[in-house]
Amino acid sequence: MSERVLRGVAAAAGAVVGPAFVYREGQPEVAAQPAGTPDEERARYEAARSRAEAELNQLAERADEQAREILTAHQLMLQDPELQNLVEEGIQAGQPAEAAVRAAVEQFAGMLEALDDEYLRERAADVRDVGRRLVAALTGRTVGIVLRQPAVVVARDLAPTDTIGIDRDLLLGIVTEQGGPTSHTSILARSWGIPAVVAAAGVLDAADDGMTVALDGDTGEVVLDPGAETRSRYEAAMARAREQAERDRAEASLPAETPDGVRVELATNAGSPAEVAFAMEKGAEGVGLLRSEFLFMGRESAPTEEEQYQAYAEALQNANGQRVIIRTLDIGGDKDVPYLGLPKEENPFLGVRALRLCFRRPELFRTQLRALLRASVHGRLAIMFPMVNGLADLRRAREALAEARRSLEAEGHRVADQYEVGIMVEIPSAALLADHLAPEVDFFSIGTNDLVQYTLAVDRGNPELAEMYQPYHPAVLRLIDRVVQAAHAAGKWVGVCGEMGGLPEGALLLLGLGVDELSMAPALLPRIRRLVRSTPAAEARALAQQCLTVGTPEEVLALVEPVVRRTV
Ligand code: PEP
Ligand code: MG
């Protein structure tokens, strides 16, 4: 048979060729008439909800930060009062629980699909995923894909939790007939480095289990039963990628030092103690940001001091003596935690978020600070306060930390003598006042994700404004420059833990502005390490100085891009 070429949408980079695992999931038949009274159906539904919740918790145990966010969203959907009401109405009207769940989920998903916003439309898949898990629990089945050998998964669409549940060591690539590049499956494939093509019309009918499939996640090409020439083209691309990965591994322990001898610390962002261990294997020199929110989300009450202590201690132990910067709670903004009962706000990003929430809930803050200080004896801890907008915030947070220390010592707990205390610089007022803040901290870590949104007044999560969200805006660069100058004048070090530090253009500019540490997702380390090792700091400095003089992000990029192309 001759090869068949299909075109889809490129969703995650990389090329791969391998045997197909075709996932044809049908909807299970469900009874039209209820087996019991509405009360009995309600009880079955509640039991299914608990089972679904337990399954999601189990998946979360081995999930990374990206996957955990999705699972948390699913946990929240399981508790969504509107969805509950719709199911309740169906059961009350005499439907079996399965049919009530299906109808409720379809109504909910239909509402999302009718919206203009592509990102929200894609969330309909998440609602259906939750519904499918509930129906499976009601009918005594489990959902998921079990691979027994390395394979390219071919499916109509992959529910996010299907993707999370696949054994990553056996997953070669993903081709789906539906889905878009912003679906959670695409986002996950990108963060795992698994090539993926979505919206490949006709692939499900044309593919069979075991058939050879080649896919190119950069161009969207999918070839079924590839001929010898196509096969060798793909095999050559895979060999090149393997060689690059090999080089990356070999270089993982090389210092990130420029040819003219400037050393930059390369750290990673982490969302759990397990991710700290993973990052160390990938050659990270420490953890530049551990978001402590992971402990507070997807559950029904706040973690106890003991629970937090155990988690922080584990993170420190997993870092093998390297520094771990643990950020205190940054809830609010776009991150809600239902059991905290946060008020609905008109402008949550400008509202009761992070430290502001902690100051209003002193017990919550105190518990976290005590847990952190108790963990300090297990490694090299740095404590970081988010969303500081000036000296009052910083002093109040430091006083709470000092008070937590006094209470622990009075109770006879051991606390390390040495630990660093720093702040995130992510509000423009803090950047402008960096000279006043620097003497009172050990370090700054610039949170460019928020600094960009607050400087440019562009909501970081609003896809309508995505083009206006510009980390390379000269206004942002001028603020960063000011922060670095102020820190160095006071003898303090500066890191960057926002996304900008993991992008080659961003890293190059930050190197030129004199940043001492860059923290990013582990997968980004090799490329940034190569960039630092191949760019003289003097050249990066000259480039950054030039960028500080121009007036638009376009001019900045026009200066930076040619240098990036030449170096990595
Ligand atoms: C930032 O704002 O750049 C940051 C790293 O924090 P978060 O993305 O958690 O707000
Ligand atoms: Mg932030």
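Every number in this text was worked out from the coordinates using simple rules, so none of it is lab data. As the structure is a prediction and not an experimental result, all values here were calculated from the model. For neighbour counting, all protein chains shown are included, and Cβ atoms are generated from backbone atoms with ideal geometry for every residue, glycine included.
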Expressed as a whole-number percentage, the relative contact order of the stretch 327-377 with C-alpha contacts under 8 angstrom and at least six residues apart is 39
From the Cα centre of the stretch 296-339 to that of the stretch 83-113, the distance in Å is 35
For His184, His413, ascending order of other Cβ atoms within 10 Å (fewest first) is His413, His184
The extension gain from Met111 to Glu257, computed as 0.36 nm times the residue separation minus the Cα-Cα distance, is 47.3 nm
In vacuo Debye sum over C-alpha of the stretch 386-461, base-10 log of normalised intensity I(q)/I(0) at q = 0.13 Å⁻¹, listed in q order, is -0.48
Quick calc of log₁₀ I(q)/I(0), the chain, Debye, one scatterer on every Cα, no solvent, q values 0.06, 0.09, 0.10 1/Å, result -0.34, -0.77, -0.95
For Glu235 and Ser191, extending 7 Å from Cα along the Cα-Cβ vector and measuring point to point gives, in nm, a value of 3.5
In the stretch 38-139, taking the dipole from +1 charges on Lys and Arg beta carbons and -1 charges on Asp and Glu beta carbons about the Cα centre, the listed residue (Gln95, Leu138, Gln79) farthest towards the positive end is Leu138
The relative contact order of the stretch 38-139, taking Cα pairs under 8 Å that sit 6 or more residues apart, comes to a percentage of 32
Karplus-derived 3J(HN,Hα) from phi for the stretch 329-340 (6.51 cos²θ - 1.76 cosθ + 1.60, θ = phi - 60°), whole Hz, x at Gly and Pro, runs 3, 10, 9, x, x, 8, 10, 9, 10, x, 5, 7
In the chain, taking the dipole from +1 charges on Lys and Arg beta carbons and -1 charges on Asp and Glu beta carbons about the Cα centre, the listed residue (Leu290, Asn57, Ser191) farthest towards the positive end is Leu290
Any residue on another chain or 5+ positions along whose placed amide H is under 5 Å from the amide H of Leu172 is listed here as Ala151, Val152, Val153
In nanometres, the difference between 0.36 nm per residue of separation and the alpha-carbon distance of Glu399 and Arg247 is 50.0 nm
Expected unfolding gain across Glu300-Thr552 under the 0.36 nm per residue rule, minus the alpha-carbon gap, is 86.1 nm
Counting only DSSP loop positions in the stretch 40-80, the trypsin sites (Lys or Arg not before Pro) whose Cβ has at most 14 other Cβ atoms within 10 Å are Arg62
Length-normalised contact order of the chain, Cα under 8 Å, at least 6 apart, in percent, tallies to 13
Rounded to the nearest 0.05, FRET efficiency between Gln79 and Arg360 (Cβ-Cβ, R0 25 Å) equals 0.55
Residues Val105, Val197, Val264 in order from fewest to most other beta-carbon atoms within 10 Å are Val105, Val264, Val197
With a Förster distance of 22 angstrom and the Cβ-Cβ distance between Ala410 and Val377, calculated FRET efficiency to the nearest 0.05 equals 0.80
Put in order of increasing Cβ neighbours within 10 Å, starting from the fewest, Leu391, Leu548, Leu171 give Leu391, Leu548, Leu171
